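Some notes on the structure that comes next.
The values are calculated or read from the model by the stated rules, or taken from the named source; none is laboratory data. Everything numeric in this text was worked out from a predicted model, so none of it was measured. So basically every Cβ, Gly included, is an ideal-geometry build from the backbone, and we count neighbours across all protein chains shown.
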């Protein structure tokens, strides 16, 4: 009887232990390691994608800004070139007005002087005044109009092709004009821009050799050297650059010649 009771007690203990193990096993959490790794991987992937998208947006924005800045610079350069042309035209017109006023004052002064002097001295005074009077602006209205028309085609109208025959006709009609060095220089510049180097060289040479007192002579020397450089005549180009630096060391043309002659050494 006692042995039977002990067996039942032991069997009950075993059943109680087994039940407790089952309950604890049912309550333990289950963790899927592969699922967690996939979530972390997707999170990192999304983060990198967002970062790349953000970088691309910034690059696009910077590229657009650079394009806009370059466009603005191009517009500004065009405006500067136009302003330079207008400034040169206005300077030329102003010099014309000032020269006309100077001539009027000289003529008025001459007439007043003649009126105040004795009659016997008037002819001599007139002769002296007419010989010493120098002019940088022509009294020939047709000549003035012809030069202005050719110059305006370049500076105002930007009609470069039409300006070439205008300057040619002017040089043929008025070879001794006070505008001759400028007209030959402008014609040479227009031909140089068209890459007609031989004809351009001829016009610049006329300025250098026949108009040594002209303000266009240093510019013509510079262009002659540039023509020689484009014609692959290095020795001639260097010689002309050195002549320019020697004769007009403080001129703007000389400053432009310095880096060019350095590049040929």
Open item on the list: One residue is enough: does region 196-204 have a residue meeting the conditions more than 29 Å from residue 152 (Cα to Cα), assigned by TED's automatic domain parsing to the domain that holds residue 162 and assigned to a loop (DSSP other than H, G, I, E, B)?
Closed with: no
Open item on the list: Take the conditions without any contact (Cβ under 8 Å) to a residue 24 or more places away in the chain, assigned to a helix (DSSP H, G or I) and assigned by TED's automatic domain parsing to the domain that holds residue 181 and apply them to residue 245. Does it pass?
Closed with: yes
